[in-house]
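The values are calculated or read from the model by the stated rules, or taken from the named source; none is laboratory data. None of these values were measured; they are calculated from a predicted model. Positions of Cβ are backbone-derived with ideal geometry, glycine not excepted, and every protein chain shown enters the neighbour counts.
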Amino acid sequence: MLKLLKKLKTAEWIMVVISVILIALQVWLDLKMPDYMSNITVLVQTPNSEIKDILINGGYMLLCALGSLIFSILVGYLAATISAGLAKELRKSLFNKVEEMSMDDVKSFKTSSLITRTTNDVTQIQMFISMGLQLLIKAPITAVWAVTKILNKNWEWSLLTGIAVLVLLFTIGILIIVVLPRFKKVQELTDNINGVMRENLTGIRVVRAFNAEKYQEDKFENVNNKLTKLQLFNQKTFGILSPVMYLIMYCLTLAIYFVGARFIDAANMSDKITLFGDMVVFSSYAMQVIMSFLMLAMIFMILPRAEVSAARINEVLDVKIKIKDGKVKIGKNGVQGKVEFKNVNFKYPNAEEYVLKNISFVANQGETVAFIGLTGSGKSTLINLVPRFYDVTEGEVLVDDVNVKDYEQESLHNLIGYVPQKAVIFKGTIKSNVAYGEDGKGKKSEEKIKEAIKVAQAKEFVNKMPKKYDTQISQGGTNISGGQKQRLSIARAVARDPEIYIFDDTFSALDFKTDAKLRKELKEYTKNATTLIVAQRIGTIMHADKIIVLEDGKCVGMGTHKELLKNCKVYKQIALSQLSEGEL
C-alpha cells in the first residue's frame with residue numbers, strides 16, 4: 001500500500017497535510033464540547049446561576065459543532081480529490097505498464113485479471129484512501145487526545161475504559177485473522193466472473209448456434225455462487241463487529257455511571273456537583289475513545305481487501321520488462337528493407353522444447369519471402385521475432401544489418417507494416433482504423449488513406465457504406481465481415497509505407513478472385529519494400545521470390561515454387577493437397 005502512495009503528486013501531498021490539520025482542529029472542537037457540557041451541568045446544579053451563562057456555554061457548544069461540521073466537509077472534499085487523483089494515476093500506470101510488457105509478460109496474467117486489476121482493484125484502493133484519510137487519521141488523534149483528557153479524572157473509570165478498549169481490539173483482531181485470507185480469494189473469483197462474462201460475450205454467436213445458453217448460464221452461476229458465498233461469509237463475520245461495538249459502548253456507559261453513583265453517594269454535599277460534572281465529562285470522553293476505535297474498526301473492514309488489491313496492482317507494476325529498448329534509430333550504411341536470420345533458435349520462456357531450430361535466411365529489399373508449413377511448424381512464431389514481440393533464444397535477427405535488440409522499439413516498429421493472423425479492428429471510423437498509429441512520418445493524408453484502401457481492395461465495399469470513409473466501425477469490427485476486416489487491416493499496414501511488410505496468414509478470409517487482385521496490387525505497390533508472408537494457400541505464395549518450408553521448427557526447404565516442387569517432399573505434399581499437378 002505504501003508503495004502505491006508514492007504515486008501521489010506534490011499537490012496531493014499538500015492536500016494530505018491540510019487534511020491532517022483540519023482533522024486535528026475538528027477533533028479539538030469535538031473534545032471541547034464535553035467541557036462546555038460540564039460547565040452547563042454545574043451551572044444548572046448551582047443556586048443563583050444566571051441563564052445568560054448557561055446560554056453562553058450552549059452557544060460555544062453550537063459553534064464547536066458547526067466548526068466540526070465545516071472541517072468535516074472540507075476533509076471529505078479533499079479526501080475525495082486525493083483518492084480520485086491516486087486512482088487515475090494507478091489506472092494510467094497499469095495501462096502503460098501493460099503497453100510496455102512483452103507478449104509473454106501479458107500472457108502470464110489472464111485478460112480478465114488485468115481488467116479487474118485496472119478497475120475493481122483500483123476502486124478498492126480509492127475507497128480505502130477516501131475513507132482512510134478521514135478515519136485513519138482522525139481515530140488515533142481522537143483516541144490519544146481523549147485519553148489525555150480522562151487519565152487524571154479517576155483511575156477506576158480509566159481502568160473500565162481500558163478494559164473496554166482491549167475487548168474491542170481482541171474482537172477486531174480475531175475477525176481480521178479469520179477474514180483476511182479470504183479477501184484474496186474474493187478478487188480471484190471476481191477475475192473468474194469477468195473471464196466467464198467476457199468469454200460469453202466474445203462467443204455469443206457460437207453459444208446461440210449450439211443452443212449452449214443453459215450451459216453458459218450454469219457456468220456463470222457456478223462462479224457467481226462461489227463469490228456470493230464467500231462474500232456472505234465475510235460480511236456476516238464482519239457483521240458481528242457492530243453489535244459487539246455497541247454492547248461494549250453501552251456496558252461502558254453503565255459501568256461509568258454505576259461507579260460514579262457510588263462516588264457521588266459517598267462524597268460530601270459540596271463535592272457531589274463536581275463529581276457529577278466529572279462523570280458526565282468522563283462518559284463523553286470515554287465514548288469518544290470507543291468511537292475512535294469504532295472508526296478504526298471500519299477501516300479494518302476495508303483495509304484487508306485494499307491490501308490484497310494493492311498487492312495485485314503491485315504484481316503488475318513490478319513486472320520486469322524483458323524486451324528493453326536499444327539505442328539505434330536507423331540501419332547501417334543506408335541499407336533498407338533487409339531482414340536476416342542468423343542461426344536462430346527459439347523457445348518460449350519456461351518451455352523445454354525449441355519451437356524454431358537453426359533458422360537462417362536473408363530477405364533483401366524488394367523481395368517477397370513466403371513461409372509455409374503444417375500447423376504448428378513455427379511460421380507465425382518466426383515472423384513475430386522481427387518486430388520483437390519475442391526475443392530469440394539463440395542467434396540473431398537483423399533488420400537493415402542491425403540486430404533488432406539494438407533498435408529503439410519505436411524506430412524498429414516504424415520500419416514495419418504488420419498485419420496479424422487475426423484481423424484487429426478498433427472502435428472508430430474506417431478512416432481512423434486505416435490511419436491508426438504513428439509511423440514517424442507525420443499525420444497520414446486523406447489521399448494516402450484512400451490509396452491504401454484501394455490497394456487493399458476495400459474501396460468497393462467502403463463506398464457502399466452509409467458515410468463511406470467516415471462510417472463507424474464497432475469494437476472488434478463486429479458490424480463488418482471477416483474478409484472486410486482483413487482488407488482494412490492490410491490497408492492499415494499499406495498506409496504506413498514501411499520498409500518491411502509482414503503478412504501473417506492475412507489472406508485466408510478472402511476469396512480467390514479478391515486474393516489474386518490484392519496480391520497483384522500489393523506486388524506493384526510494395527516493389528521497393530521487403531515482404532514476408534505466412535500463408536496456408538499455395539496460390540498465395542507460389543510467385544514469391546523465395547519460399548521457406550518449415551516442419552517442426554526446422555527449415556526443410558528453401559527456394560522458388562518450381563525448385564521446391566522438385567526438391568522438397570514436404571512442399572510438394574502440401575501443394576498437391578491443394579492443387580492438381582496441372583494447376584501447379
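Summary table
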| read-out | value |
| --- | --- |
| Where residue 560 falls short, out of the listed (1) touching a residue at least 40 places away in the same chain (Cβ under 8 Å); (2) β-branched (Val, Ile, Thr); (3) under 18 Å from residue 366 (Cβ atoms) | (1) |
| Answer residue from region 222-277, given it is among the basic types (Lys, Arg) and surrounded by 13 or more Cβ atoms within 10 Å (Cβ to Cβ) and is modelled with the lowest pLDDT among those | 272 |
| All strands (runs of 3 or more DSSP E) inside region 514-571 with 2 or more residues being at pLDDT below 85 | none |
| Number of positions in region 134-166 that are at pLDDT 80 or above and either within 28 Å of residue 112 (Cβ to Cβ) or crowded, with 16+ Cβ neighbours inside 10 Å (or both) | 1 |
| Segments classed as helices (runs of 4 or more DSSP H), wholly inside region 356-449, with at least 1 members that are β-branched (Val, Ile, Thr) | 379-383, 430-434 |
| Residue list for region 167-208, restricted to those being more than 21 Å from the chain's Cα centre (by Cα), at pLDDT below 80 and of a type in the set (Lys, Arg) | 182, 205 |
| Filter result (more than 23 Å from residue 510 (Cα to Cα) and of a type in the set (S, T, N, Q)) within region 524-565 | 528, 560 |
| Count of residues meeting criterion [in a loop (DSSP other than H, G, I, E, B) and touching a residue at least 12 places away in the same chain (Cβ under 8 Å)] in region 336-355 | 8 |
| Residue within region 44-64 that is within 30 Å of residue 275 (Cβ to Cβ), among the hydroxyl-bearing types (Ser, Thr, Tyr), surrounded by fewer than 14 Cβ atoms within 10 Å (Cβ to Cβ) and out of contact with any Lys or Arg (no Cβ under 7 Å at 6 or more places or on another chain) present | yes |
| Members of region 340-394 that are over 17 Å from residue 419 (Cα atoms), among the aliphatic types (A, V, I, L, M) and crowded, with 18+ Cβ neighbours inside 10 Å | 344, 355, 356, 359, 363, 392 |
| Residue that is among the hydroxyl-bearing types (Ser, Thr, Tyr) and under 30 Å from residue 249 (Cα atoms), where the choices are 112, 83, 72 | 72 |
| Every residue from region 5-15 that is at pLDDT below 85 and of a type in the set (Val, Ile, Thr) | 10 |
| Selection within region 321-350 - charged (D, E, K, R) and either at pLDDT 85 or above or in contact with a Lys or Arg (Cβ under 6 Å, 6 or more places away or on another chain) (or both) | 338, 340, 342, 347 |
